[in-house]
Every structure is written in structure tokens, then in C-alpha cells.
Amino acid sequence: MRVLVTGGAGFIGSHIVRTLVSWGHEPLVLDALRPGAHTAGPPSLPEGVPCVRADVRDEQRVRKALRGVDAVCHQAAKVGLGEGVADAPDYVGCNDLGTAVLLAAMAETGVRRLALAGSMVVYGEGRYDCPRHGTVRPGPRAERDLAAGRFEPRCPRCGQDLVPGLVGEDAPADPRNVYATTKLAQEHLAAAWARATGGRAVSLRYHNVYGPGMPRDTPYAGVAALFRSALARGEAPRVFEDGGQRRDFVHVRDVAAANALVLGALDERERGGFAAYNTGSGEPRTVGDLARALATAHGGPAPVVTGEFRLGDVRHVTADSGLLRSRLGWKAEVSFEEGMREFAARTE
Ligand SMILES: NC(=O)c1ccc[n+]([C@@H]2O[C@H](COP(=O)([O-])OP(=O)(O)OC[C@H]3O[C@@H](n4cnc5c(N)ncnc54)[C@H](O)[C@@H]3O)[C@@H](O)[C@H]2O)c1
Ligand SMILES: [Zn+2]
């Protein structure tokens with residue numbers, strides 16, 4: 001299968017390209033090589049994989065790149081939390097206008113299969129149960145609670161402590177920032193495209209992806225990269241809040257395999273459909289666990305819990321990735337311990 005991987009020079013995209021090559025497919029890359037995303041120098045792509053340097057908003061270049069393509073794997077996006085509202089136009093431009101241009105070009109050129117890089121951020125705070133009120137949806141945490149070290153969200157009805165659970169794909173969307181909003185809009189655009197053209201689109205809602213090639217020291221770098229950079233400088237990883245924030249750290253090679261599997265399963269006979277699948281390891285961990293695992297693997301100083309916080313961070317969000325496992329037979333192969341050991345030992 002010939003697959004156009006947008007953002008294929010990025011962290012996740014370049015792993016997808018390598019996986020596609022090793023599974024016998026023929027990937028080609030379209031990537032703007034945006035400076036913020038490429039601080040560590042030029043991307044390393046397998047030999048022979050064509051790479052077009054272009055923006056996904058460039059209709060002509062995109063249309064040309066789609067010639068002879070069977071499917072698109074859309075990874076290009078401006079990622080991270082950004083600076084709030086100031087860079088909203090750039091997020092919306094890259095992520096939503098970019099997706100719209102790509103979809104219009106796919107409609108025109110008859111490409112009917114799409115795998116989209118979705119994100120867990122569409123859910124906002126994770127799933128919680130109150131002993132009295134069942135499943136509840138706490139709103140954003142108040143600054144005064146966070147400043148007082150009260151990090152756990154409480155039941156919006158009775159104020160009781162809540163038990164965090166796993167978020168399913170049917171949970172209502174609750175994007176809490178500009179980036180999350182653009183990731184949700186990408187899915188709606190893909191669903192509209194699928195209905196209008198008879199195409200098939202799948203969004204893989206990735207959890208916290210880590211592994212070799214992860215960008216470091218950019219304002220958008222993931223927490224695993226920040227901890228590793230601190231350890232490399234001989235400093236202790238600084239853990240925000242009390243370190244009890246639950247996440248699901250999924251290895252980039254597993255995410256790449258999920259994409260290759262989905263692309264292979266997008267059957268053109270089942271027309272006009274959109275589906276979303278959570279893509280996590282299924283092994284929830286805390287940010288404190290992450291810092292300790294990296295410090296141990298690196299042999300560096302033990303983490304320091306600082307109590308600092310960022311407004312807008314969610315406390316717990318962990319996905320239920322059972323659907324991807326049962327429908328597509330995908331399974332995360334890299335364990336937390338193994339993945340973190342490998343990650344801590346590398347510098348790129
Ligand atoms: N890293 C994570 O933990 C994570 C989690 C959930 C979802 N995602 C999604 O996965 C995808 C890949 O993310 P990543 O972590 O590899 O980020 P990345 O920044 O390493 O890769 C993104 C790539 O897209 C390119 N790009 C950005 N805007 C573009 C544009 N307008 N036109 C063409 N190319 C453009 C960049 O140059 C870069 O190479 C994104 O869609 C992101 O939203 C990532
Ligand atoms: Zn309650």
C-alpha cells in the first residue's frame with residue numbers, strides 16, 4: 001500500500017514511516033519541517049522514502065503528493081499546550097485548516113482511506129466515580145485548591161473525593177484548551193469527509209507517547225523528555241503537584257504499529273464511516289512513577305516533588321484501549337519498565 005504520511009518527519013510520524021517500510025508498504029512523507037518541531041536537526045527517515053517539504057495547507061503541493069496514493073496517515077499538527085490564546089491562529093491554521101485542505105484534496109483525487117492522529121486531550125479531565133453519585137464530570141480545578149495543595153478533583157454535587165477510572169471512546173468530549181479543541185475539530189472534519197465521500201476514517205486517540213526521537217527541551221516537550229533532560233544535566237526531575245497524576249505512557253513503536261494495523265484494516269467496502277479508538281498501553285502510571293523509573297534507569301538523583309502546578313493541566317486521564325485490542329487485535333508490546341529503561345539510556 002502506498003501511504004502518504006503527513007508530519008512523517010516528526011517524532012511519531014517517522015516511527016510510522018519505519019514501521020510501514022518494515023511491513024512492506026510504501027510510505028512517502030509530506031512535512032513542513034516546522035522549526036519548533038525539529039530542534040535536534042534534520043529528521044532521520046529510511047533510505048529511499050521520498051520527503052516533500054510542504055505545508056498541509058498548500059493545496060497544490062498536497063494534491064500533487066496524493067497522486068497514486070492508497071491511504072493517508074495524517075500526523076502533521078502543531079502540538080503541545082502552547083501559549084494559551086496568543087497562538088490560537090497558528091494551532092487552528094496547522095491543525096484544522098490543514099486537515100480541511102488535505103481532506104478536500106483527498107476528495108478530489110479519490111483517496112478514501114484516512115488514519116488520523118487523535119488525542120486523549122479531547123476528553124479533558126478523565127472519568128471519575130463518586131461513591132454516592134456514580135460517574136460524574138468535575139469541571140476545571142480551581143486555582144485556590146491547587147495553591148492549597150488540594151489536587152484531587154471533587155464531586156461537583158457533594159464535594160466528596162472521587163475514584164478515577166478509565167475513559168471510553170463514548171465519553172463526552174471536553175476539550176480544555178486551544179490545542180485540544182483543534183484535535184477534536186480534526187475528528188469532526190474527518191467524519192464529515194467520510195460521510196460526504198464514502199471514505200473511511202479512523203482516529204487513534206493517542207495517550208502520552210514516548211520513546212526514541214521524542215522532542216526535548218521545546219516548550220511542547222512531553223514530561224518524559226523534560227525529566228530525561230534534567231537527569232542528563234545531573235539534576236533531579238522536578239515533579240509538579242504531588243506526583244499522583246495518573247497517565248498512560250504508550251511507546252512510540254506501539255503507536256506506529258497501531259497506525260500500520262489501522263491503515264491495513266481500512267476497508268473500502270465499508271463506506272462512509274468514522275471511528276475513534278483510544279490508544280494507550282493499558283497500564284496507568286503516575287507522573288511520580290515516571291520520574292522514579294527514569295531516575296533509577298539513569299542512575300541519577302531521586303525526583304523532587306515541588307507542589308507547583310499549571311492551570312489547565314488535568315489531574316488524571318487514563319484511557320480504556322480495549323476496543324482497539326478487540327476490534328483490531330492491537331496490543332502494546334513495550335512494557336513501561338522496558339520502555340523507560342531504553343528511553344533513559346538514549347540521548348536522542
Ligand atoms: N506526542 C504525543 O504524546 C501525542 C499525543 C497525542 C496526539 N499526538 C498527535 O500526534 C501527531 C504527531 O505528533 P508528534 O508528537 O510526532 O509531534 P512532532 O512535532 O514531532 O511532529 C509533527 C510533525 O508535523 C509537522 N507539521 C506541523 N505542522 C505542519 C503543517 N502545517 N504542514 C506540514 N507539516 C506540519 C512538523 O514539522 C512535525 O514534523 C500530532 O497530530 C499530535 O497532535 C501526539
Ligand atoms: Zn457526589
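Values in this text are rule-based calculations from the coordinates and carry no lab data. Given the structure is predicted, the values throughout are model-derived calculations rather than measurements. Please note: Cβ atoms are built from the backbone with ideal geometry, for glycine as well, and neighbour counts cover all protein chains shown.
Remind me, relative contact order of the stretch 250-348 in percent, using alpha carbon pairs under 8 angstrom and six or more residues apart?
Values: 70 pairs, mean separation 44.8, N = 99.
Relative CO of the stretch 250-348 lands at 45 percent.
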For Lys78, list the aspartates and glutamates whose Cα falls under 19 Å from its own Cα; do not include residues on the same chain fewer than 8 positions away. Asp31, Asp55, Asp58, Glu59, Asp87, Asp90, Asp96, Glu187, Asp217, Asp313
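Could you order the peptides 273-285, 199-211 from most to least packed, using the average number of other C-beta atoms within 10 Å per residue? Display every interim value, and only then the final one.
Numbers: 273-285: 21.2, 199-211: 24.9.
By packing density, highest mean first, the sequence is 199-211, 273-285.
Antiparallel as a % of all DSSP beta bridges within the stretch 114-218, to the nearest 5?
Working: 7 of 13 bridges.
Bridges in the stretch 114-218 that DSSP calls antiparallel: roughly 55 percent.
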Skipping prolines and chain starts, which residues have an amide H placed within reach, meaning under 5 Å, of the one on Val5, given they are 5 or more residues away or on another chain? Leu28, Val29, Leu30, Cys73
Starting at the first residue of the stretch 154-162, write each ³J(HN,Hα) from the Karplus equation 6.51 cos²θ - 1.76 cosθ + 1.60 with θ = phi - 60°, in whole Hz, x for Gly and Pro. 10, 4, x, 9, 10, x, 5, 5, 10
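Calculated FRET efficiency, Glu152 and Leu226, Cβ-Cβ r, R0 35 Å, to nearest 0.05? Don't skip to the answer; put the middle values down first.
Values: r = 23 Å, r/R0 = 0.66.
Given R0 = 35 Å and the Cβ-Cβ separation, E is 0.90.
So, counting K/R as plus one and D/E as minus one, what does the shell of residues with Cβ under 15 Å around Ser203 add up to? Please report the intermediate quantities before stating the final value.
Working: positive: Arg113, Lys183, Arg195, Arg200, Arg205, Arg327; negative: Asp96, Glu169, Asp170, Glu187.
Around Ser203, the charge tally is +2.
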Please give the Cα centre distance for the stretch 309-348 versus the stretch 1-74, rounded to the nearest Å. 23
Residue by residue through the stretch 272-284, which ³J(HN,Hα) values in whole Hz follow from phi under the Karplus form 6.51 cos²θ - 1.76 cosθ + 1.60 (θ = phi - 60°), with glycine and proline marked x? x, x, 10, 9, 10, 10, 5, 10, x, 6, x, 10, x
With a Förster radius of 51 Å, plug the Cβ-Cβ distance of Gln60 and Ser326 into 1/(1 + (r/R0)^6) and report the FRET value to the nearest 0.05. 0.75
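Taking loop as defined by DSSP and a crowding limit of 16 other beta carbons within 10 Å, which trypsin sites (Lys or Arg not before Pro) in the stretch 16-86 fit?
Values: sites: Arg18, Arg53, Arg57, Arg61, Arg63, Lys64, Arg67, Lys78; in loops: Arg57, Arg67, Lys78.
Within the stretch 16-86, the qualifying trypsin sites (Lys or Arg not before Pro) (loop, at most 16 other Cβ atoms within 10 Å) are Arg67.
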Quick check on the chain: helices-only [θ] at 222 nm, where DSSP H runs of length 4 and up contribute -39,500 (n - 2.57) each and the sum goes over total residues. Nearest 500, please. -9500 deg cm²/dmol
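Which whole-number percent gives the relative contact order of the chain, counting Cα pairs below 8 Å spaced six or more residues apart?
19 percent.
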Packing-ranked peptide list from 161-168, 250-257, 224-231, highest mean Cβ count within 10 angstrom first, is 250-257, 224-231, 161-168
Once you order the gyration tensor axes a ≥ b ≥ c over the Cα atoms, which shape class does the stretch 1-72 get: rounded for a/c under 1.5, otherwise prolate or oblate by comparing a/b with b/c? oblate
Sites matching GluC sites (Glu not before Pro) across the stretch 158-247 that sit in DSSP coil, with at most 16 neighbouring C-beta atoms within 10 Å: Glu235
Out of Thr182, Thr135, Thr318, a Gaussian network model of the chain with alpha-carbon springs under 10 Å gives the largest mean-square fluctuation to Thr135
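How large is Rg/Rh for the chain, to two decimals, with Cα atoms and a Kirkwood Rh? Walk me through the numbers on the way to the answer.
On the way: Rg = 19.9 Å, Rh = 20.7 Å.
My calculation of the ratio gives 0.96.
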Figure the gain on full extension for Glu83 and Ala107 (residue separation times 0.36 nm, minus the Cα-Cα span) and round it to one decimal in nm. 5.2 nm
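Sum up the charges of everything whose Cβ sits under 9 Å from the Cβ of Ala293, counting Lys and Arg as +1 and Asp and Glu as -1, but leave Ala293 out.
Values: positive: Arg285, Arg292, Arg341; negative: Asp289, Glu337.
Counting the neighbours of Ala293, the net charge comes to +1.
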So how far apart, in nm, are the two label points at Arg132 and Arg53 if each is 7 Å from Cα heading toward Cβ? 6.2
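Sum up the charges of everything whose Cβ sits under 9 Å from the Cβ of Arg315, counting Lys and Arg as +1 and Asp and Glu as -1, but leave Arg315 out.
Neighbour charge sum, excluding Arg315 itself: -2.
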So, with points 7 Å from each Cα along the Cβ direction, the Arg346-Thr306 label distance in nm works out to 2.6
Output wanted: per-residue J couplings in Hz (rounded whole) for the stretch 23-34, from phi through Karplus 6.51 cos²θ - 1.76 cosθ + 1.60, θ = phi - 60°, x for Gly and Pro. 8, x, 8, 10, x, 9, 10, 10, 8, 7, 6, 4
